[in-house]
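The values are calculated or read from the model by the stated rules, or taken from the named source; none is laboratory data. Please read all numbers here as calculations on a predicted model, not as lab measurements. Note: ideal-geometry Cβ built from the backbone for every residue, glycine included; neighbour counts use all protein chains shown. With ligands, DNA and RNA removed, areas are computed over all heavy atoms of the protein, side chains included. Shrake-Rupley method; radii C 1.70, N 1.55, O 1.52, S 1.80 Å.
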Amino acid sequence: MARFLQDLTATDYQKTSIIEARKNRVVENLNEAFPKTSDLPFSRAVLMGSAAKNTIVRPMDDIDVLAIFSNENNAWNAYRWDSKSFIYRVRRAYDGLEAAQVGTRGQAVRVFFQNGGHVDIAPVFSHGHDRYGLPDGTGGWIYTAPTVANAWFAGRNAELGYNLAPLVRLLKKWNNAHSKRFRSYHLETIAATAFKTLGSSRQGGLASFFEWAPNHIDVTDPGGQSGSLSGYLTWLSRPDALQALRTASERASRARDAEAVGDHAEAKRLWRIILGDSFPTS
């Protein structure tokens, strides 16, 4: 399990030369396109999502960046009734740059790089107190507080002996191997909520998560803006998600029993079913 976790964890090189470098490139591009003298002045960028929480897994695909615009020069008044114009203006800032392709996804601008991977840039207006207005994809706005959520997760990770982020990386491999029934933010929040204590046994942590997670499906947004995070689960997909947890719990229990009697081949076989075909069998 330790080798598998190491293989899926971002390396120091990837954290600095890919993740941080791409965030810095976003800052450079937006500072150039939207200087302080602009009618839409860019303020700063922060990492969001798994890259910010150290829960990103290899192979890395997307990096999420929050691009914060201020209300200087009354910028908010120009877009408060039309978030589509706002996001498309940010998208046009990337015309002719080195990225292989740029697209708009309703709430984010996706920048594809010629050497692989992409960055999702979520442009927002700051409304103070770490609260931001994000385009909702239809021309309106939703409110989000990702920096508050990031701080909450970091606090929980510290309280749990820094064992939470490694466990979440394993859970993402499980989720990816079984139809991606859970959104990443939801899965992270369930894990951060389910544990009062968490040791360094990855097998034990996984088994406990799968057992306890069904009781924590309806966790609320730690950023305090979105209410329950399970709202995307429909009356069809919710039972499937719960069954996936129950199936994983049963398999993890059998794997733990096999380990206890020294049947490591059977334990590895079961963990491979749980965590996907990249899990080593030798």
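Can you compute the FRET efficiency between Ala2 and Leu242 using 1/(1 + (r/R0)^6), with r the Cβ-Cβ distance and R0 = 30 Å? Round to the nearest 0.05. Kindly include the intermediate steps, with their values, before the conclusion.
Working: r = 30 Å, r/R0 = 0.99.
Rounded to the nearest 0.05, the efficiency is 0.50.
Using label points projected 7 Å from each Cα along Cα→Cβ, tell me how many nm separate Glu20 and Gln203, to one decimal.
Result: 3.6 nm between the two label points.
Pulled fully out, how much extra length does the chain show between Asn31 and Ser70, if you take 0.36 nm times their separation in residues and subtract their Cα-Cα distance?
Numbers: separation 39, 0.36 × 39 = 14.04 nm, distance 1.25 nm.
Length gained between Asn31 and Ser70: 12.8 nm.
For helix 146-159, report the angle its Cα long axis makes with the longest principal axis of the Cα atoms of the chain; keep it between 0 and 90° and round to the nearest 10°.
Tilt of helix 146-159: around 30 degrees.
Please tell me the relative contact order of the range 1-156 in percent, rounded to the nearest whole number, where contacts are Cα pairs under 8 Å and at least six residues apart. All intermediate terms of the calculation are to be shown ahead of the outcome.
Working: 254 pairs, mean separation 31.0, N = 156.
With pairs under 8 Å counted, the relative contact order is 20 percent.
Would you please put 30-41, 55-66, 135-146 in order of how densely packed they are, using the mean number of other Cβ atoms within 10 angstrom per residue and starting with the highest?
Details: 30-41: 15.3, 55-66: 19.5, 135-146: 17.7.
The densest-packed peptide leads the list: 55-66, 135-146, 30-41.
Round to the nearest 10 and give me the degree value, 0 to 90, for the angle of helix 202-212's Cα axis relative to the longest principal axis of the chain.
That helix lies at roughly 80 degrees to the long axis.
Leaving ligands, DNA and RNA out of it, work out the accessible area of Trp152 with a 1.4 Å probe and give it in Å² to the nearest 10.
80
Please compute the modelled spin-label separation between Thr281 and His216, points set 7 Å along Cα→Cβ, answer in nm with one decimal.
It works out to 3.3 nm between the two label points.
In what sequence, largest accessible area first, do His186, His127, His178 appear using a 1.4 Å probe? Don't skip to the end; give the middle numbers.
On the way: His186 5, His127 65, His178 45 Å².
Output order, biggest surface exposure first: His127, His178, His186.
Quick check: pseudo-label points 7 Å beyond the Cα along Cα→Cβ at Ser253 and Ala151, how many nm apart are they?
For the pair Ser253/Ala151, the computed spacing is 4.1 nm.
Rounded to a whole number, what % of the accessible area of the chain do carbon and sulfur atoms account for, probe 1.4 Å? Mind showing how you got there, number by number?
Working: 6430 of 13560 Å².
Carbon plus sulfur share of accessible area: 47 percent.
When only C-alpha pairs under 8 Å and at least 6 residues apart count, what is the relative contact order of the range 104-245, in percent? Each step should come with its number before you reach the end.
Details: 160 pairs, mean separation 26.1, N = 142.
For the range 104-245, the relative contact order is 18 percent.
Can you list the HN-Hα couplings for the range 225-233, worked out from phi with the Karplus curve (6.51, -1.76, 1.60; θ = phi - 60°), rounded to whole Hz and with x for Gly and Pro?
10, 9, x, 5, 8, 8, x, 6, 6
Quote the Stokes-Einstein diffusion coefficient, in whole µm² s⁻¹, for the range 117-245, based on the Kirkwood radius over alpha carbon pairs, a temperature of 25 °C and a viscosity of 0.890 mPa s.
On the way: Rh = 15.9 Å.
Rounded, D is 154 µm²/s.
If you count only protein heavy atoms with a 1.4 Å probe, what accessible area per residue comes out for the chain, rounded to a whole Å²?
Numbers: 13560 Å² over 282 residues.
Per residue, the chain has 48 Å² of solvent-accessible surface.
Can you count the Lys pairs in the chain whose Cα atoms are under 24 Å apart, with each pair 8 or more apart or on different chains?
19
At a probe size of 1.4 Å, how large is the accessible area of Thr197, to the nearest 10 Å²?
110
Could you give the angle, 0 to 90 degrees to the nearest 10, between helix 83-92's Cα long axis and the longest principal axis of the Cα atoms of the chain?
90
Which trypsin sites (Lys or Arg not before Pro) from the range 149-209 combine a DSSP loop assignment with at most 15 other Cβ atoms within 10 Å? Don't skip to the end; give the middle numbers.
On the way: sites: Arg156, Arg169, Lys172, Lys173, Lys180, Arg181, Arg183, Lys196, Arg202; in loops: Lys180, Arg181, Arg183, Lys196.
For trypsin sites (Lys or Arg not before Pro) across the range 149-209 that sit outside H, G, I, E and B with at most 15 neighbouring Cβ atoms in 10 Å, the list reads Lys180, Arg183, Lys196.
Once the dipole of the range 136-282 is set up with Lys and Arg at +1 and Asp and Glu at -1 on Cβ about the Cα centre, which of Asn175, Ala145, Ala158 lies farthest towards its positive end?
Of the options given, the answer is Asn175.
Taking 8 Å as the Cα distance limit and 6 or more residues as the minimum spacing, I'd like the relative contact order of the chain as a percentage.
Details: 422 pairs, mean separation 38.7, N = 282.
Result for the chain is 14 percent.
Using only alpha-carbon positions, what ratio does the radius of gyration of the range 121-178 give when scaled by 2.2 N^0.38 Å? It would help to have the intermediate numbers written out before the result.
Details: Rg = 15.4 Å, N = 58, 2.2 N^0.38 = 10.3 Å.
For the range 121-178, the normalised Cα radius of gyration comes out at 1.50.
Mind checking the dipole of the chain: about its Cα centre, +1 per Lys or Arg Cβ, -1 per Asp or Glu Cβ, Debye to the nearest 20?
300
Would you check the accessible area of Glu28, probe 1.4 Å, heavy atoms only, in square angstrom rounded to 10?
Accessible surface of Glu28 is approximately 100 Å².
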